[in-house]
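The values are calculated or read from the model by the stated rules, or taken from the named source; none is laboratory data. Since this is a predicted model, take the numbers as computed values, not measurements. Glycine also receives a Cβ, built like all others from the backbone with ideal geometry; neighbour counts cover every protein chain displayed.
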Amino acid sequence: LALSSRNQYLNKAERANAPKLYATLSKLASAISQGNENFLQLQEQAIQELTAEGFSPDYIEIRDALTLETPNSASTTLRIIAAAHLGGARLIDNISAQRALH
C-alpha cells in the first residue's frame, strides 16, 4: 500500500484490504503480457473482482502508455489506471503493462 494521506481514512481492516487494488492491476498486466487482448473483458473482470472485495471502483482503464488513448494495434507499452473507493478513501493506482509480441 502506497504511503498517502488518504490512508488515514481507512480503518485497520480496509488498510489490510487496500493492497488488493494493486494486486488486481498486476493480474491484468500479467494477462496482457501473456497475450490476452480482450481489454474490455479484462477491465470488467477487474471491476467485478474489486467490487466483490468491498471496493467501489470508479474506473479501471487500459491505455496506451504514451498517449493515454485507447490502445491500438501499434500500442506495445500500456498503462493500467484505476480509481476505487474503499471505506472513506478514494484510492488511485497505475501500473505498466507490456503487450505480448506476436
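Of all residues in the range 24-39, none satisfies being under 26 Å from ALA13 (Cβ atoms), more than 13 Å from the chain's Cα centre (by Cα) and modelled with pLDDT of 95 or more. Within the range 43-102, the set of residues being aliphatic (A, V, I, L, M), out of contact with any Phe, Trp or Tyr (no Cβ under 7 Å at 6 or more places or on another chain) and over 29 Å from GLN8 (Cβ atoms) comprises ALA65, LEU66, LEU68, ALA74, LEU78, ALA97, ALA100, LEU101.
Just to be sure before I move on: is LEU101 of a type outside the set (Lys, Arg), part of a strand (DSSP E or B) and on the phi < 0 side of the Ramachandran plot in the structure I sent? Spelling it out, it is not the case that LEU101 is of a type outside the set (Lys, Arg), part of a strand (DSSP E or B) and on the phi < 0 side of the Ramachandran plot. Does ARG63 qualify as being surrounded by 14 or more Cβ atoms within 10 Å (Cβ to Cβ), among the basic types (Lys, Arg) and under 26 Å from GLY88 (Cβ atoms)? Spelling it out, it is not the case that ARG63 is surrounded by 14 or more Cβ atoms within 10 Å (Cβ to Cβ), among the basic types (Lys, Arg) and under 26 Å from GLY88 (Cβ atoms). For first residues located in the range 35-50 and within 22 Å of THR76 (Cβ to Cβ), partners that are assigned to a helix (DSSP H, G or I) and among the polar types (S, T, N, Q) and lie 6+ apart or on another chain with Cβ distances below 7 Å form the pairs ALA46/THR24.
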